[in-house]
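FYI, it's all coordinate maths here, none of it is from the lab. All of these numbers come straight from a predicted model, not from anything done at the bench. FYI the Cβ positions are ideal-geometry reconstructions off the backbone, even for glycines, and counts take in every protein chain you see.
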Amino acid sequence: DLVVRGDCCPDIVLSADRVRPRFGQAEPLVSECTVAIGGSGTITACRAAELGMSVALVSVVGDDLFGRDLRGRIAAYGVDVSTVRVDQRHPTGVTVVLNEPSDRAMLTASGGIGLLTAREVPPEVLSRAGHVHVSSYFLQIGLQEGLRDLLARARAAGSTTSLDTNWDPDDRWAVPADLLSQVDVLSVNAAEARRLAGAGNSVESAARSLAKRAGTVIGKQ
């Protein structure tokens, strides 16, 4: 039903009423630490599998503790991880989430997240996909060059497509128009929508502007 090309990394979540590190070797305490399945694409794959869909994840992890743990935990959801490549030279990406009741901040070590390329979707998998979803466009730098053609091939084969850009750590927010033209569903939060559409836009006007370039625009929290 669904092929996800996305980031695969653990989320190390530190939670408290106030989570603000202080330099100078100070050591504030937090209320809780959890290690969860992370990466926008991987979370999407696992949640879709929970809903009963057949899902394949195309991603890259390192040959390390995090990579091995993630592959096992994702497979336990019923997601096909045979197309998750284990890279011997680069570590699994990791995100540390500083989580407060009303907001959060994230620090990411990208590791192998940017290694995935458009060539790493087996044609037989792509030809069977009802839907192709791509996450974390700005982190998956190796995927960007061939993504437009990949989505065009998927649509020509009868699939629908979606893109979740997530945050741009370089704050450039450049997504080619010819790529957006191959996207049936664009998923963005309010801050991402305004940045993608251009400065000065309200959330509503940003969404309307983006809908002229892509297909349906949906808002996420």
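Observations
- Lys, Arg +1 and Asp, Glu -1 on Cβ, resulting dipole of the range 1-129 about Cα centre, debye, nearest 20: 200 debye
- Selection from ILE113, ALA76, ALA49, by position along the positive dipole direction of the range 1-125 (Cβ): ILE113
- Three principal axis extents of the range 83-221 based on alpha-carbon atoms, in descending order, are 42, 36, 24 Å.
- Selection from VAL3, SER31, PRO21, by position along the positive dipole direction of the range 1-46 (Cβ): PRO21
- For the range 66-221, the antiparallel share of DSSP beta bridges with both residues in that region comes to about 35%.
- Placing +1 on the Cβ of every Lys and Arg and -1 on the Cβ of every Asp and Glu, with nothing else charged, gives the chain a dipole about its Cα centre of roughly 420 debye.
- If you take the alpha carbon atoms of the range 9-94 and fit the smallest convex hull around them, that volume is 115 Å³ per residue.
- Selection from ASN201, ALA211, ALA129, by position along the positive dipole direction of the range 70-221 (Cβ): ALA129
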